[in-house]
Each structure stands twice: as C-alpha cells, then as structure tokens.
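Computed from the coordinates by the stated procedures, all read-outs in this text should not be read as laboratory data. For clarity, every value in this text was computed on a predicted model and none was experimentally measured. Glycine gets a Cβ as well: all are built from the backbone with ideal geometry, and neighbour counts include every protein chain shown.
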Amino acid sequence: MARKAATTTGDKPAKARKGSKTTLSEANLVDLGPERLAAILLDLSSDSHVKRVLRLELFAEASPEGLALEIGKRLATIGKSSSRIHWRKRAAFAKDLDLHRRMIERLAEHDATAALDLMLDLLDLATPVLDRLSQVEGPIGDVFLAARDGVGAIAAQALPDPIVLADRIAKLLRRDDYAQFGPLVNALAPALGKTGQEHLRQILEQLATARGIRDARSAIYKDALRRLADASGDVDAFEATFAPDLRRTPLVSAEIARRLLAAGRAEDALATLQAGAPHEQRGRHQSASEERAAWEEAMLEALEATGHHEEAQKRRWAEFERTLSIPLLRGYLKGLPDFDDVEAEDQAKAVAKRFPQFDRALAFLVSWPDLAAASRLVLSRAGEINGADDTLMTEAARRLEGSHPLAATLLLRASIQYVLTYGVATRYAEAARQLLEAESLSAMIADYGEYPDHQAFVTDLRAMHGRKQGFRAELEALGATF
C-alpha cells in the first residue's frame, strides 16, 4: 500500500509523526494548536527559566534592539552578583547562562555588531563567575568555552573596529585567571587584521614585560603573543617569546623548527633543532619520550628538506631500533630503493623479536601485522607477558585467536591472572569474559604443549582465587560458575 505524500505548511514539510498521539513529540504538540499551547506556556511561566525563555523569544520576534537590551540587562545582573553558587544550583545557572549565549547567536543573524559586544560581555563574566564556584570544571565553565569558540563567527559578520576589538581582547586576557582565552586570539585574528593584531601585540608585550608580573600571568600573555605570531606567519616573533634556554629544549626547538620549515627556512630549522637536541638519560619519563619523538619528527623533516637523505635514513633506523615505531619504519622503507624494502622489513621483524620490552614487541608485530611472528613471540617468551595492559592483551588476543588460538589463550590468561592476583575489581567483568573466551578457544587447541589445558588452568585459578566474590559474581552474571 503506497504511503500518502507528506502535507506541507508553506515551504516546510509537516513533522513526521512517530508513536501514538499521546507521545510527547513536536508533531503531536502542533496538533494542540497555538491558542492551547500559549495557555499552557503562560501557566508554566511561573517557573523563572521558562518565563525568561518566553520573554527572550518575544523580544526576538519584536526587535533586535529589544532582544539586545534584555540580554544586556541579564548579563549586568549576573556581573553584579558575588555570592557563591551552590552546587545544587549550578545546573540551573548554566542553563540560564547558555540560554543567553544562544540568544546572542540568534541576535547575530540580525545585528552582528550588537551580538559581538554582548558575547564579549558574556566572556568578561567568566573569571568573576568561576570565582564563585568551588569547582571550575563543569557545565558553567563549558558555557564560557562555547562562547569563546563561537565568537569568531560573529566577529566575521560584525566587522568591528580593530583597535577597539584588540583592547577588548587585551582586557579579557588581563582577567584570564583560569587560562581559558588563549584560543580567543586565534578566533578573532581575522577580524583584527594587521592593524588590530599589531595593536594587540604591543599591549601584550608591555604586559608580559611589566615589573612584578607573576609567571602564570606572563605565560598567558606569551601564549597569546605566540598565537598572534602564528596568525601573521612571523616565525621570528614566535621564537622571541621563548627565553634562550627554552629554545634549546627538544620540544620548543621542534615547535620553532616546524614553523621555519613551513616558511621555507630549512637550514635555520636544522640549526635550531641541533641546538635543542635531546640528551640521553636513563629512566626517561613519558613526557620526555614524547618530547624526543616530536623533536625527531621535526629533525627528519629538516634533514630531508636540506638534502641530507642518507643521514635521515640512518636516524630513522636507529630510532626504530630504539622504539619500534611503525611510522618511523614506514618512512624508512619508503625511502629505500626498489626491492630493498623486503629485506629491511625482515630485519625490522628480527629487531622486534629480540626487543627487550615484550609488550612493545608484541604491539609492533600485531599492528604491523605479522601474526605468525607475534604468535611465536608469545610462545617463546610467555614468561614475560604482563597482563597489566588490558587493551594490548585484549586486542592482541582478538587478532590472534583465529589462526593462533594458543597464543591468544596465553595472553588472555595473563590478563586474568593479573586482575585476580592484584584484586583489580574494576576489571573483574572483563576478566570473566576473557575466561569464557579462553574456554571457547580451547576447542581449537589440539596440543597445549608445555602449558596446562583449560580445565587445569581453571582448577589452579579456583585454588588461588576462589574467594574473589566479585569475580565469581561477574562469572555468574554471564551464566558460568567458578
């Protein structure tokens, strides 16, 4: 039976009806008619938020000027208050604040200049409002972030005076106690133009070098100056915001070098990176490793840009041997002559096989992928499997289970044993599922070799961890027993 064509009102199709006539939906509410809906809304207007929504909607229909005035009055009222915002009232306060943010965006469709002023006024409330909270993170802070991220589109329509706008941005940055407004510079840089950007740069340089300025405040101004430098493509201005000793650190030198490379200054980039080369240290922490990786990436690009391809290749291979980085290996293989890449790939797998960190070797072989080599690694170095990394164990087992069920089983067992040995209750549910997966894999394993079969493994597990009631409960929830 053919469906009837949707009826239309004007140019808009009628809302499709879903569910029964009593389902709360837009289509069913339309059926109530404007008079009935108006009466219902008027009755609900005793609620302050509903009343404010209705008033703003009426002003929006009447005139942009009236809407701007109404929003301005509410923002002024919020700005005058200094009392603490109780945690029970935060959701309602955020809802009200976001309502006005959205109405400012509505206003921008008719009067972008007024909307820009109001959105900047709203942003100016951020620090005093957040000062009234015991916890900054949450829905209220999110409203200010949404306003910050949306103001650029309004400014593009408003075409403000660049000097006035620069002064407004500087004012916001001076009050940016929660370091939220750095991206504002990026968003408003097009509206500032060269004149506004230069004016803002002069203000920020004066603020950043003022006597008695705190480090945190100086960092905000320097961050804004870097964003301005990026907006204008001025690499030297970007570099100047860092102290000489910072320019000689791996992460900062890499940041500067990337911009020099983009500007076509490859030799300068190479010199900058050489000055900021990382020093070898034992027990390097994660952030230092990430800094070195960023520096290496920039160094390889600089070497290639300056014609030092062979040196770049040597660095790629040396770093691969140190880290088993797949992107580095792919770059190395891509830079080899035809047919040399097959032999190099075999060498890379050999490096992975003897790599001292089992987890990293497994991750490489599974991701490359070479599942046969990954299986051999698991079987030959089973005593080194660490079940702490649940993500790696689960992903590797999933990839190996089809063609290498014994290797997959050993990984699942390691994860289960880690969870039960250390009582990681948050992973009991996952461990229970892994035990059932290991049971299903047992039917595919003809010979366990030196390892106990599934029944023997469960018997040992029960003897050691039979009192782990949380794990038992998770198994029972899956229809199994322990």
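The alpha-carbon of Lys468 sits under 13 angstrom from the alpha-carbons of these aspartates and glutamates, leaving out residues fewer than 8 places away in its chain: Glu476. Residues Tyr332, Tyr428, Tyr448 in ascending order of nearby Cβ atoms (within 10 Å, fewest first): Tyr448, Tyr428, Tyr332. Report summary: the helix-based calculation at 222 nm, which adds -39500 (n - 2.57) for every DSSP H run with n ≥ 4 and divides by the residues of the chain, gives -22000 deg cm²/dmol.
Considering only Ala407, Leu365, Gln434, the residue lying farthest towards the positive end of the dipole of region 358-477 is Gln434, judged by Cα position with unit charges set on Cβ.
Quick one: which of Lys80/Lys222; Lys89/Lys171; Lys51/Lys73 span more than 20 angstrom between C-alpha atoms?
In this structure, Lys80/Lys222; Lys89/Lys171 exceed 20 Å between Cα atoms.
Shown here for region 81-157: trypsin sites (Lys or Arg not before Pro) in loop regions (DSSP other than H, G, I, E, B) with at most 11 other Cβ atoms within 10 Å, namely Arg84.
With the charge dipole of the chain set up from +1 on Lys and Arg Cβ and -1 on Asp and Glu Cβ about the Cα centre, the Cα lying farthest toward the positive end among the listed residues Pro34, Ala237, Ala318 is that of Pro34.
Sorted ascending by nearby beta carbons within 10 Å, beginning with the fewest, His308, His454 become His308, His454. Of the residues His199, His86, His100, His279, the one with the fewest other Cβ atoms within 10 Å heads the list, and the complete ranking is His279, His86, His199, His100. Net charge dipole, the chain: roughly 1840 debye, given to the nearest 20, about the Cα centre with Cβ charges of +1 for Lys and Arg and -1 for Asp and Glu.
Run through region 44-123 and list the GluC sites (Glu not before Pro) located in a DSSP loop whose Cβ has at most 14 other Cβ atoms within 10 Å.
Glu109
Neighbours of Arg259, meaning other residues whose beta-carbon lies under 13 angstrom from its beta-carbon, give a summed charge of -2 when Lys and Arg score +1 and Asp and Glu score -1.
Let me check I've understood the local charge: for Glu57, count other residues with C-beta under 13 angstrom from its C-beta, Lys and Arg +1, Asp and Glu -1. What total comes out? Net local charge, Glu57 excluded: +3.
For region 358-477, place one equal point scatterer on every Cα, skip the solvent, and apply the Debye formula. What is log10 of I(q)/I(0) at q = 0.16 Å⁻¹? Treating every Cα as an identical point scatterer, log10 I(q)/I(0) equals -0.71. Applying the Karplus relation 6.51 cos²θ - 1.76 cosθ + 1.60 with θ = phi - 60° to region 412-417 yields 3J(HN,Hα) values of 4, 4, 4, 5, 4, 5 Hz, where x marks Gly and Pro. Mind running the shape call on the chain? Use the C-alpha gyration tensor, a ≥ b ≥ c as the square roots of the eigenvalues: rounded below 1.5 for a/c, prolate if a/b tops b/c, oblate otherwise. In terms of gyration-tensor shape, oblate.
Please give me the summed charge of the neighbours of Leu377: other residues whose Cβ is under 14 Å from its Cβ, Lys and Arg +1, Asp and Glu -1. Don't skip to the answer; put the middle values down first.
On the way: positive: Lys349, Lys353, Arg354, Arg360, Arg376, Arg381, Arg399; negative: Asp359, Asp370, Glu384.
That works out to +4.
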